[in-house]
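Enquirer: Take a look at the following structure, please.
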Amino acid sequence: MNPSRRGKQGSGLVETAAGLILVIPVLLCLLDVAALVLAQTANDTLAKQSARAAAEQPKDIAKEQTAADGAFNQYTDTTLIQKNTCTVSWPAQPPDTVRVDTVITCKLPVPIPFGGPSQQVFQAYSVEPIVGQAP
């Protein structure tokens with residue numbers, strides 16, 4: 001057998017295995033980051049939609065909370081994102097506005113091993129001018 005060929009027979013397999021050991025954790029981390037970005041975007045959208053729904057009601061905290069909850073509950077929970085709370089604050093600053101705070105939880109698709117977090121809680125708020133009152 002040729003001595004120069006003997007040392008190169010398994011080198012491709014070893015290089016592939018070494019490369020995968022580095023690439024797979026990076027891909028899993030990117031999957032978690034993508035889930036977190038989607039969760040934050042969804043929470044911002046939920047806060048904005050809920051605040052708009054509340055702002056369309058007359059100056060009545062109960063009606064505003066009901067409208068905000070209705071908009072908040074239109075979003076269905078998924079395996080990654082779970083809705084927590086939607087709270088209307090009134091009167092907000094500046095005057096004649098309504099503030100809606102939303103909280104959701106994102107479960108990471110690939111939890112960080114050895115005691116890392118398996119979920120992340122996101123909070124968002126939106127302030128909208130009240131347009132549902134008579135002049």
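Enquirer: Provide SER50, SER89, SER118 in ascending order of the number of other Cβ atoms located within 10 Å of each residue's Cβ, fewest first.
Expert: Ascending Cβ contact count within 10 Å gives the list SER118, SER89, SER50.
Enquirer: How large is ³J(HN,Hα) for each residue in region 97-111, as worked out from phi by the Karplus curve 6.51 cos²θ - 1.76 cosθ + 1.60 (θ = phi - 60°), to whole Hz, x for Gly and Pro?
Expert: Per residue, the Karplus-derived 3J(HN,Hα) values read 10, 10, 10, 10, 9, 10, 9, 10, 10, 10, 8, 5, x, 10, x Hz.
Enquirer: Among LEU108, LEU30, rank each residue by its count of other Cβ atoms within 10 Å, from fewest to most, as a rough exposure measure.
Expert: LEU30, LEU108
Enquirer: Please check: in the Gaussian network model of the chain (C-alpha springs, under 10 Å), which one of GLU64, GLU15, GLU56 has the largest mean-square fluctuation.
Expert: Looking only at GLU64, GLU15, GLU56, the largest GNM fluctuation is found for GLU15.
Enquirer: Follow-up question, since we're still on this one. Going by Cα centres, region 52-97 and region 21-51 are how many Å apart?
Expert: 23 Å
Enquirer: What is the helix-to-structure angle for 61-73, meaning the angle in degrees between its Cα long axis and the longest Cα principal axis of the chain, kept from 0 to 90 and rounded to the nearest 10?
Expert: Between helix and principal axis, roughly 30 degrees.
Enquirer: Assuming R0 = 35 Å, what is the FRET efficiency of ASP96 and VAL121, from their Cβ-Cβ distance, to the nearest 0.05?
Expert: E(calc), rounded to 0.05, equals 0.70.
Enquirer: Rounded to the nearest 10 degrees, what's the angle between the helix 11-55 long axis and the longest principal axis of the chain, both from Cα atoms, 0 to 90?
Expert: Taking Cα atoms only, the helix is inclined about 0 degrees.
Enquirer: Given the Cα-Cα distance of THR79 and LEU31 and 0.36 nm per residue of separation, how much length would full extension add, in nm?
Expert: 15.8 nm
Enquirer: Between THR87 and GLN40, what is the spin-label point distance in nm, taking each point 7 Å from the Cα along the Cα→C-beta axis?
Expert: A separation of 2.2 nm, rounded to one decimal place.
Enquirer: Within 10 Å of each residue's Cβ, count the other Cβ atoms and sort VAL103, VAL14 from fewest upward.
Expert: VAL14, VAL103
Enquirer: Right, here's the next one. Roughly what percent of Cα-Cα pairs across region 3-129 reach past 27 Å?
Expert: When all Cα pairs of region 3-129 are counted, 43 percent exceed 27 Å.
Enquirer: Okay, moving on. To the nearest 500 deg cm²/dmol, what mean residue ellipticity at 222 nm is calculated for the chain from DSSP H runs of n ≥ 4 alone, each contributing -39,500 (n - 2.57), summed and divided by the residues?
Expert: So the helix-based figure for the chain works out to -16000 deg cm²/dmol.
No lab work stands behind these numbers, since they all come straight from the coordinates. These numbers come from a predicted model, not from an experiment. In this analysis, Cβ positions are derived from the backbone assuming ideal geometry, glycine residues included, and neighbour counts consider all displayed protein chains.
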